[in-house]
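The values are calculated or read from the model by the stated rules, or taken from the named source; none is laboratory data. Keep in mind the model is a prediction, meaning the values are calculated, not measured. Heads up, the Cβs are rebuilt from the backbone with ideal geometry, glycines too, and the neighbour counts pull from every protein chain shown.
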Amino acid sequence: MLSDVLDLLTNPLLLSILINMAIFLIVTLSLNLETGFAGIPQFGRVLAVLAGAIAAGAIAGRIMAAMFGMPWGVEYVGDQNLQIVEKLNSIFSQNPGLSIAMLIMSLIIAAAFGGFIGYIVSYPAIRLKEAYLGITLLAFGDALQIIGKYYDPLAGGTAGIVVPDLFRFVGTGKIKYLGSTMIILGIAILVLIYVQSLAKSPFGRALKAMRDNELAAKVYGKDIVKLRAQALIIGGALAAIGGALWATYTGSFKALTYNRLTWTFWPWAFMMLGGTGNNYGIVLGTLIFSIFRSLIYAYKSELTNYIPINPNWLEYMLIGSIIVLIALFRPQGILPERPELPLSRKRIEEIKDKVVGYKAEKGSE
Amino acid sequence: MLMVSSSFIQVIMTAIGYSGGIALAAAGITLIYMTTGTFNFAHASMTAWGFYIIFSLYKVFFGGNPYYYFPVAFLFSGILGVITYVVVNKWLLKKGADMVTLMMSTLGIDLIFFAFINVFADYLTSEYKVNSRLIVLTTHDMVLGEVAGFKLKAITIVSVLIVVAIALFFYFTLTRTKFGIAFRVTVENPDLASILGINTEVIYLVSWFVGGALAGLGGAVLSLVISGNPYTGNVVIVPEFAASIVGGLYSIYGSFLGGYLIGLSEYILINLIASIFGRQLVVYEPLIPLLAMAATLLVYPQGLAGINWEKVFSKLKRR
């Protein structure tokens with residue numbers, strides 16, 4: 001009975017949907033914060049995601065190696081990479097507490113690195129506008145990928161590196177995949193709660209004010225430079241956490257796989273489908289696309305019997321068509337943006353009634 | 001340190017051909033942006049289609065000379081531009097969509113065109129048993145002459161001739177014809193243009209056709225300079241954007257200038273750097289257009305055309 005449930009839960013298709021959903025939810029929410037709320041055309045989302053993956057794979061991994069007295073210099077990303085990481089993995093599998101601590105450390109380093117990247121990017125983001133800014137951000141993302149691809153001492157270059165498996169404390173085999181997927185999904189939900197609370201906060205409203213009318217926001221004393229930098233730092237940190245989790249989950253890092261199509265344009269498509277500026281829309285958009293992509297991937301060989309083309313290209317056509325159709329017919333997305341109330345509607349009505357009542361009382365005196 | 005050897009001259013010759021391709025495509029990006037305000041991501045696939053038209057017609061179907069098929073590449077990508085306008089861009093412009101929506105819609109188009117390139121490449125492989133995922137046509141170019149150890153390839157000359165011809169064509173069309181004047185009015189103020197009876201939709205349609213066609217022509221030129229695969233468009237779109245932005249996004253001649261600036265610096269700088277610091281740095285070549293673009297924008301946020309040249313000259317005169 002229990003094993004049946006486990007089989008059902010560890011169905012590869014379900015796990016693939018869930019893990020894609022969780023990782024892309026984090027990345028797309030971070031994109032929504034910068035683009036949907038702050039109005040920054042973030043065409044370089046891959047930059048922070050890649051930075052997070054490098055942080056988890058190369059920086060946190062080296063720190064762990066150094067902690068346990070193993071070589072952490074160029075050797076770590078070179079020939080000895082596999083042996084070192086295997087030794088680390090055996091240490092972590094015996095010590096769950098340590099493994100969790102390392103996972104948290106790895107995510108903190110990634111977030112710090114991503115935040116730092118966001119801070120650097122805020123320099124052009126203050127000076128440039130619209131297309132100029134979007135293309136500059138895109139260029140930054142490509143630049144880091146090129147460096148990651150060819151500068152071997154950073155993270156193994158084209159060969160890539162193996163990333164310490166920090167999810168081994170969950171168990172082995174199927175249970176590990178289920179457990180790690182659940183943990184990542186949990187983190188994604190925490191990120192959702194966080195960005196939603198940001199959306200309801202004065203900070204979120206200030207970002208939207210800046211997006212809608214920069215001059216008016218300035219007149220009301222909002223510091224545009226600071227707001228834009230804050231949005232980019234928070235967004236960069238969140239996206240980096242997404243990248244770090246992906247590298248840790250897959251257990252390997254290759255700069256080549258962090259391309260602008262997967263980590264910039266797909267999150268854009270998810271955001272546009274769900275609803276730019278609406279966090280719940282992002283959840284919906286990411287869910288729809290994750291199901292869709294995982295299904296195409298899972299039934300690739302069956303699909304080849306029915307269509308004359310390679311299903312890979314079908315995926316591009318469908319995603320491309322969806323982007324075009326949304327742009328044409330529903331630019332606001334499935335769930336359009338709506339005003340975020342700081343309290344529930346009912347609570348606001350109650351307070352209003354109280355204030356009105358109080359005023360009426362005062363007036364009658 | 002600078003070695004003016006025959007190999008360095010060879011590099012410059014290749015760089016001129018490459019820059020010509022980038023400049024043509026960048027002019028297409030600029031043209032579409034000037035009239036419709038759309039930053040065209042689909043230029044990636046339009047360039048790659050130009051590449052594949054030359055490859056398939058010359059290498060697979062008919063043979064002969066690769067230059068015969070340049071007009072076909074021009075027309076084909078031009079038609080892709082027309083499709084983009086008629087199916088998507090026209091309606092978004094009518095709705096007054098914002099810049100980001102316009103940009104993203106062309107990304108969607110790009111993914112579709114990209115998928116079709118791959119389908120076409122698969123078809124070529126399965127039907128004609130050719131390797132359509134690593135295309136090397138550089139060795140099939142005509143060699144015009146061999147001087148002092150380096151080969152003068154036709155594409156070096158032809159690319160310059162094409163760029164000059166297109167630049168002259170733009171110059172005469174924009175300044176000497178009624179259509180050119182209507183075009184310029186539309187760029188300046190579309191509302192005023194329609195009040196004066198100019199059909200702005202025709203202007204948009206023509207600029208999408210010419211813009212797409214220039215991407216195809218750029219791809220055709222590039223096919224004889226670099227090796228390619230279906231992802232080539234995604235690679236060369238970066239220097240194309242860079243050239244267009246460095247050129248200021250509002251000047252076709254600026255984008256030609258930007259194309260040569262970006263293309264030549266890409267080849268020449270990396271060879272200089274490599275000869276000083278070692279060959280292993282050659283792989284960082286794609287970083288150069290990115291850095292050139294970022295540097296230009298940080299100094300001149302509106303690109304080179306955003307500089308008020310009259311002011312600069314008058315300041316210089318005063319001194």
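List of remarks:
- Selection of the range B:252-306 for residues being within 12 Å of chain A (Cβ to nearest Cβ) and aromatic (F, W, Y) yields B:Y284, B:Y300.
- Count of the range A:240-260 residues, restricted to those that are surrounded by 21 or more Cβ atoms within 10 Å (Cβ to Cβ), more than 14 Å from chain B (Cβ to nearest Cβ) and of a type outside the set (F, W, Y), is 8.
- All of A:I23, A:I19 fail the test of being under 16 Å from A:F270 (Cβ atoms) and surrounded by fewer than 24 Cβ atoms within 10 Å (Cβ to Cβ), apart from A:I19.
- Residue under evaluation A:R205, criteria (1) free of Cβ contacts under 8 Å to residues at least 40 places away in the same chain; (2) out of contact with any helix residue (DSSP H, G or I) (no Cβ under 8 Å at 6 or more places or on another chain); (3) of a type outside the set (G, A, S), criterion not met: (1)
- Search result, residues across the range B:33-47 that are aliphatic (A, V, I, L, M) and farther than 14 Å from B:P190 by Cβ: B:A42, B:A44, B:M46
- Of all residues in the range A:267-278 being part of a helix (DSSP H, G or I) and more than 10 Å from chain B (Cβ to nearest Cβ), the one that is nearest to B:D98 (Cα to Cα): A:L273
- Any chance A:W263 is under 29 Å from A:F113 (Cβ atoms) and either crowded, with 24+ Cβ neighbours inside 10 Å or over 17 Å from the mean Cα position of the chain (by Cα) (or both): yes
- Helices (runs of 4 or more DSSP H) lying entirely in the range B:53-142 (those with 3 or more residues that are in contact with a Gly (Cβ under 8 Å, 6 or more places away or on another chain) and either modelled with pLDDT of 85 or more or within 21 Å of A:A269 (Cβ to Cβ) (or both)): B:70-84, B:99-128
- Residue list for the range A:302-330, restricted to those being without any contact (Cβ under 8 Å) to a residue 24 or more places away in the chain, closer than 28 Å to A:T276 by Cβ and in contact with a Ser or Thr (Cβ under 9 Å, 6 or more places away or on another chain): A:V324, A:L328
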